[in-house]
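Everything on this sheet refers to the single structure shown next.
The values are calculated or read from the model by the stated rules, or taken from the named source; none is laboratory data. Owing to the predicted nature of the structure, the values given are computational and were not obtained by experimental measurement. For neighbour counting, all protein chains shown are included, and Cβ atoms are generated from backbone atoms with ideal geometry for every residue, glycine included.
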């Protein structure tokens, strides 16, 4: 069993490279900044205009991005993977989000030093938590056997809706700039994709070694 089907490996590598470029570019552009960039001004103002009256319900929906919720979902995935004999999925559920969150909070935020209302904001931690969780679920969905195309699409749309809602709430409720959330998206997806590629590589080596033994 593999996390990524063969046809998804090359796109996954490209996604990792693109993620590195986007996050690094943003870090260079917004290093030490304490205000919105031009892109942030345009997008944030547009979103405020459309969704400004919905700040209260959006704030409540933002709780799906709280760290305890993310941990609970990933814990369920971890237990289910171990019960089904899928250590590769278990490794992905632990390593991917942990690496993404750790990279955000321990490395990039202190390094970039971009601030929103005095708080370090680049990349968005809530975005990273939610997107890394959804990216793990997306990889599982990609390789899940026995699911119809319609069900895969429906579940994928649901994951995208959750991610989009979290990003929207973070911007409209005044926690992050638009580009903070974009960096969080690319960082999360890139780290989870890299983790999936690495786990698959380890799995192939173990299967090869077992076959030779």
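List of remarks:
- Condition check for residue 111: in a helix (DSSP H, G or I), more than 23 Å from residue 168 (Cβ to Cβ) and either modelled with pLDDT of 95 or more or under 11 Å from the mean Cα position of the chain (by Cα) (or both): yes
- The C-beta contact set for segment 8-30 (first residue on the phi > 0 side of the Ramachandran plot and surrounded by fewer than 14 Cβ atoms within 10 Å (Cβ to Cβ), second residue at pLDDT 95 or above and not in a helix (DSSP H, G or I), distance under 7 angstrom, 6+ apart or interchain) is empty.
- Taking the listed residues 23, 79, the one that is more than 22 Å from residue 189 (Cβ to Cβ) and at pLDDT 95 or above is 79, with no other qualifying.
- Applying a threshold of 6 Å to beta carbon distances and a minimum spacing of six or more residues, or different chains, the list of pairs starting in segment 112-136 at a residue that is free of Cβ contacts under 8 Å to residues at least 40 places away in the same chain and on the phi > 0 side of the Ramachandran plot and ending at one that is surrounded by fewer than 24 Cβ atoms within 10 Å (Cβ to Cβ) and outside any helix (DSSP H, G or I) is empty.
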